[in-house]
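Chemist: I am attaching a structure below and will ask some questions about it afterwards.
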Amino acid sequence: MTQLPAAQKQAEQAEQATQSTQPAPSALKPSDGGKALYGGKSTRRITVRDIAAAKERGEKWPMLTAYDAMTASVFDEAGIPVMLVGDSAGNCHLGYETTVPVTLDEMTMLSAAVVRGTKRALIVADLPFGSYQEGPVQALRSATRLIKEAGAGAVKLEGGERSHRQIELLVESGIPVMAHIGLTPQSVNSMGYRVQGRGEEAAAQLLRDAKAVQDAGAFAVVLELVPAELAAEVTRALHIPTVGIGAGPGTDAQVLVWTDMLGLTSGRVPKFVKKYADLREVMAGAARSFAEDVVGGTFPLEEHSVH
Ligand code: KIV
């Protein structure tokens with residue numbers, strides 16, 4: 001048998017490992033040539049060029065948040081093509097009440113973990129409140145940390161017209177930017193958590209914001225909590241993809257916060273969330289079973305013991 005050079009052998013093994021984690025071929029559509037963001041095969045990271053190509057093909061795609069390596073690896077193996085290390089980590093992972101207190105150090109640490117846990121997904125890291133509002137230079141300094149130290153493939157920031165100068169400089173510097181308009185949770189103290197874009201004036205402003213971020217060079221834009229008809233209109237008006245959350249079915253992509261959609265979040269979740277599992281109950285049940293086994297002396301058993 002021919003001996004492969006070590007480097008080639010390693011590359012082949014890495015390729016096989018990545019392929020084995022991809023969705024079953026049955027998920028492939030015959031027409032997509034394996035390029036589909038979800039269900040396609042790819043032995044490399046998804047890039048913003050793949051996202052642009054998906055918009056041209058009229059393909060819808062899913063995005064989930066992730067805040068740690070292990071959860072991210074599960075979503076990567078399930079074929080989720082884009083993961084957002086959202087500053088929703090503030091409420092969903094770090095125990096803050098809002099996203100406002102989240103720091104750039106925290107986002108850098110969480111983003112690096114998600115990058116380490118994944119092989120295929122494009123990782124988008126959120127710029128937290130206070131890390132870009134001073135202006136383009138501050139935005140560039142902060143985004144550079146997420147790209148260089150954490151290894152993210154893109155960053156996200158909030159704001160339409162008000163953030164276009166920041167987006168321009170980041171994009172000019174080679175950093176892909178996902179914008180975020182509509183409800184922008186970092187502005188909770190002035191905006192609250194209310195539907196945005198209702199009424200003629202507000203709808204026209206949302207459309208201006210969407211065009212401003214596209215003109216500034218953003219590769220995609222999140223539309224949060226806006227009327228479905230308006231989100232569909234914005235989607236038709238843009239050549240970059242829209243990513244909806246609470247924005248109806250007319251956007252190019254959909255994003256959900258993973259702890260909401262898997263039922264780990266305690267208490268009420270927003271109406272737009274679909275709960276695909278009840279992890280909170282599963283985990284609490286398992287924790288109670290473990291506690292009862294320990295208290296009752298049925299764990300550990302002989303099979304769990306070493307001699
Ligand atoms: O931080 C986050 O998770 C987000 C999503 C809600 C889009 O910004």
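The values are calculated or read from the model by the stated rules, or taken from the named source; none is laboratory data. Note that the structure is predicted; figures quoted are calculated from it, not measured. Cβ atoms come from the backbone with ideal geometry, glycine included; neighbour counts cover every protein chain shown.
Chemist: Yes or no: Gly192 more than 17 Å from Glu224 (Cα to Cα) and over 17 Å from the mean Cα position of the chain (by Cα)?
Modeler: Working: more than 17 Å from Glu224 (Cα to Cα): no; over 17 Å from the mean Cα position of the chain (by Cα): yes.
Criteria not met by Gly192.
Chemist: Quick check on Thr242: is it away from the ligand (no atom under 14 Å from the Cβ) and among the hydroxyl-bearing types (Ser, Thr, Tyr)? Can you show your working first?
Modeler: On the way: away from the ligand (no atom under 14 Å from the Cβ): no; among the hydroxyl-bearing types (Ser, Thr, Tyr): yes.
So Thr242 does not fit the description; no.
Chemist: Considering each of Val82, Val74 in turn, give the residue that is without any contact (Cβ under 8 Å) to a residue 60 or more places away in the chain and either out of contact with any Phe, Trp or Tyr (no Cβ under 9 Å at 6 or more places or on another chain) or buried (at least 21 other Cβ atoms within 10 Å of the Cβ) (or both).
Modeler: Working: Val82 fails: without any contact (Cβ under 8 Å) to a residue 60 or more places away in the chain.
Being without any contact (Cβ under 8 Å) to a residue 60 or more places away in the chain and either out of contact with any Phe, Trp or Tyr (no Cβ under 9 Å at 6 or more places or on another chain) or buried (at least 21 other Cβ atoms within 10 Å of the Cβ) (or both) holds for just one of Val82, Val74, which is Val74.
Chemist: Further question: Kindly list, by first and then second residue, each pair from a residue in segment 255-279 that is free of Cβ contacts under 8 Å to residues at least 12 places away in the same chain to a residue that is near the ligand (Cβ under 10 Å from one of its atoms) and outside any loop (DSSP other than H, G, I, E, B), limited to pairs with Cβ atoms under 6 Å and residues at least 6 apart or on different chains.
Modeler: Once the first residue is free of Cβ contacts under 8 Å to residues at least 12 places away in the same chain and sits in segment 255-279, its partners that are near the ligand (Cβ under 10 Å from one of its atoms) and outside any loop (DSSP other than H, G, I, E, B) give Val269/Asp260.
Chemist: Then there's this: Filter the helices (runs of 4 or more DSSP H) completely within segment 75-155 down to those with at least 1 residues that are away from the ligand (no atom under 14 Å from the Cβ). Full working, then the answer.
Modeler: Numbers: elements: 89-92, 104-116, 136-148.
It comes to 104-116, 136-148.
Chemist: Please specify each residue of segment 146-162 satisfying the condition of being surrounded by fewer than 24 Cβ atoms within 10 Å (Cβ to Cβ) and closer than 15 Å to Tyr67 by Cβ.
Modeler: As a first pass, look at segment 146-162 and keep what is surrounded by fewer than 24 Cβ atoms within 10 Å (Cβ to Cβ): 147-151, 153, 159, 161-162.
Within segment 146-162, just Ala150 meets the criteria.
Chemist: I would also like to ask the following. For segment 128-135, indicate whether the set of residues that are more than 21 Å from Leu84 (Cα to Cα) and over 17 Å from the mean Cα position of the chain (by Cα) is non-empty. Can you show your working first?
Modeler: The first filter runs over segment 128-135 and keeps only residues more than 21 Å from Leu84 (Cα to Cα), leaving 134-135.
Next cut, over 17 Å from the mean Cα position of the chain (by Cα) only: 134-135.
Checked segment 128-135: at least one residue is more than 21 Å from Leu84 (Cα to Cα) and over 17 Å from the mean Cα position of the chain (by Cα).
Chemist: Of all residues in segment 48-61, how many are more than 16 Å from the ligand (Cβ to nearest atom) and not in a helix (DSSP H, G or I)? First the steps, then the outcome.
Modeler: Step one: filter segment 48-61 for residues more than 16 Å from the ligand (Cβ to nearest atom), giving 48-50, 52-60.
Applying the additional criterion that residues be not in a helix (DSSP H, G or I) yields 58-60.
Here the count works out to 3.
Chemist: Quick one: which of Ala218, Ala253 is in contact with a Phe, Trp or Tyr (Cβ under 6 Å, 6 or more places away or on another chain), within 16 Å of the ligand (Cβ to nearest atom), of a type outside the set (Ser, Thr, Tyr) and closer than 21 Å to Val85 by Cβ?
Modeler: Values: Ala218 fails: in contact with a Phe, Trp or Tyr (Cβ under 6 Å, 6 or more places away or on another chain).
From the options Ala218, Ala253, the qualifying one is Ala253.
Chemist: With the condition kept exactly as written, say whether any residue in segment 164-174 is within 16 Å of the ligand (Cβ to nearest atom), surrounded by fewer than 24 Cβ atoms within 10 Å (Cβ to Cβ) and not in a strand (DSSP E or B).
Modeler: no
Chemist: Quick one: which residue in Val234, Val226 is within 15 Å of the ligand (Cβ to nearest atom) and over 15 Å from the mean Cα position of the chain (by Cα)? Walk me through how you get there before you give the answer.
Modeler: Values: Val234 fails: within 15 Å of the ligand (Cβ to nearest atom).
Criteria check complete, one pass: Val226.
Chemist: Another question, if that's okay. Give the number of residues within segment 226-254 that are farther than 16 Å from Val213 by Cβ and in contact (Cβ under 8 Å) with a residue 40 or more places away in the chain.
Modeler: Number satisfying all stated conditions: 2.
Chemist: In segment 171-181, what residues are in contact (Cβ under 8 Å) with a residue 40 or more places away in the chain and over 17 Å from the mean Cα position of the chain (by Cα)?
Modeler: Hits for segment 171-181 are Val171, Glu172.
Chemist: While we're here: If we scan segment 32-47, do we find a residue that is modelled with pLDDT under 95, away from the ligand (no atom under 16 Å from the Cβ) and not in a loop (DSSP other than H, G, I, E, B)?
Modeler: Within segment 32-47 (the criterion being modelled with pLDDT under 95, away from the ligand (no atom under 16 Å from the Cβ) and not in a loop (DSSP other than H, G, I, E, B)), the answer is yes, since at least one residue qualifies.
Chemist: Identify, by number, the condition in (1) assigned to a loop (DSSP other than H, G, I, E, B); (2) in contact (Cβ under 8 Å) with a residue 24 or more places away in the chain; (3) within 16 Å of the ligand (Cβ to nearest atom) that Leu64 doesn't meet.
Modeler: Going through (1) assigned to a loop (DSSP other than H, G, I, E, B); (2) in contact (Cβ under 8 Å) with a residue 24 or more places away in the chain; (3) within 16 Å of the ligand (Cβ to nearest atom) one by one, Leu64 breaks only (1).
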